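Below is one structure, written out as structure tokens; comments come after it.
The values are calculated or read from the model by the stated rules, or taken from the named source; none is laboratory data. A quick note: this is a predicted structure, and the numbers were derived from the prediction, not measured. For neighbour counting, all protein chains shown are included, and Cβ atoms are generated from backbone atoms with ideal geometry for every residue, glycine included. Accessible surface areas use protein heavy atoms only, side chains included; no ligands, DNA or RNA. Shrake-Rupley method; radii C 1.70, N 1.55, O 1.52, S 1.80 Å.
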Amino acid sequence: MKIYKTTKELQAALNSLRQKGQTIAFIPTMGALHQGHLSLVERGMQECDHCVTSIFVNPTQFNQAADLDKYPRDLQGDVDLLSTLGDSIVYAPTVEDVYPTDIDTSVDLDLGSLATAMEGEFRPGHFDGVVQVVNRLLNIVKPEALIMGQKDFQQFAIIKYMIQQLNIPTQLIMGETMRTETGLAMSSRNRRLSDRGRETAADIYRMLCYARDMYGITPLPLLLQEAKVSLHPDFEIEYLTIADADTLIPLDQASTKPAVICTAAFLEGIRLIDNLPLDPIPH
Ligand code: AMP
């Protein structure tokens, strides 16, 4: 396991690997790693000769300073977990290293409908920060493959769009959502839930599965209503939306194109997100 804390050191190491003709996969994370992140790293190791995992809590994607402060940080724990997978590369830079004052790291990209619905409605500016950091990190690492989780479906769709629009020569690969035995999507935030909360939290997955099973059978407005009222009363739902999987424009009826059901809900004051893909309805 090699850990680099500056761009300069990381790039020197990656350059010498490239000179040997070796390929690099990249997994951007904010640390507090769990099996979901590790599954992406394993995928990266399968796809390329080397895998770089960045651990960087990106300040520009938090719209609330308190959320940034509360974000769990445990570099040693993260490195210990990653080392169980064998030899890989960790990039753990400082804010100054990612955003030096003498480089313009802003990205001028109109995200249109991709960023207005769902997360975009409740976390203004969040995706601008995500686009900025992923673009900057891609510039630093220049990977052949970028692996990101389906867990953050809207984020994935936005990064896919960014890669297309900016002609970035990196293949984007989706890693499936890792869940606990109860179906709860693994998340760094789960560790802030009580034991009881973690049990209750699995109800999100049950609700999404119900909606997936009834998609194309029950009319959408009614389906969403039924799904919402079926959720455990301890939840406070922020949004539950069925959207086109490519444009993320919310649907009002089942579609012949791939769709996705996405939700964000608070439990014990912790904001949880999850989603499930929905198969196209036959013509
Ligand atoms: P994070 O550091 O948690 O913001 O996420 C870093 C990457 O891990 C993103 O591409 C996420 O989509 C992905 N990720 C987070 N949770 C999971 C999960 N449960 N299964 C698979 N990938 C995940």
Would you confirm whether or not the range 64-80 contains a residue that is of a type in the set (Asp, Glu) and away from the ligand (no atom under 13 Å from the Cβ)? yes
Of everything in the range 33-49, what is crowded, with 20+ Cβ neighbours inside 10 Å, among the aliphatic types (A, V, I, L, M) and more than 7 Å from the ligand (Cβ to nearest atom)? Give them in sequence order. Leu33, Val41
Quick one: would you say Ile163 is within 13 Å of the ligand (Cβ to nearest atom), more than 16 Å from Ile261 (Cα to Cα), in a helix (DSSP H, G or I) and not assigned by TED's automatic domain parsing to the domain that holds Leu240? no
The residue from Ile173, Ile147 that alone is under 28 Å from Pro100 (Cβ atoms), in contact with an Asp or Glu (Cβ under 8 Å, 6 or more places away or on another chain), in a strand (DSSP E or B) and within 11 Å of the ligand (Cβ to nearest atom) is Ile147
Any idea which of Gly36, Gly31 is assigned by TED's automatic domain parsing to the domain that holds Tyr161, part of a loop (DSSP other than H, G, I, E, B), touching a strand residue (DSSP E or B) at 6+ places or on another chain (Cβ under 9 Å) and in contact (Cβ under 8 Å) with a residue 60 or more places away in the chain? Gly31
With respect to Arg192, determine if the residue is within 15 Å of the ligand (Cβ to nearest atom), outside the structural domain of Leu40 (by TED's automatic domain parsing), open to solvent by 70 Å² or more (accessible area, probe 1.4 Å) and touching a residue at least 60 places away in the same chain (Cβ under 8 Å). yes
Residues satisfying the stated conditions in the range 231-245, i.e. free of Cβ contacts under 8 Å to residues at least 24 places away in the same chain and open to solvent by 20 Å² or more (accessible area, probe 1.4 Å): Pro233
Might you check whether a residue that is closer than 24 Å to Gly36 by Cα and either of a type in the set (Gly, Ala, Ser) or in the same structural domain as Gln46 (by TED's automatic domain parsing) (or both) occurs anywhere in the range 228-237? no
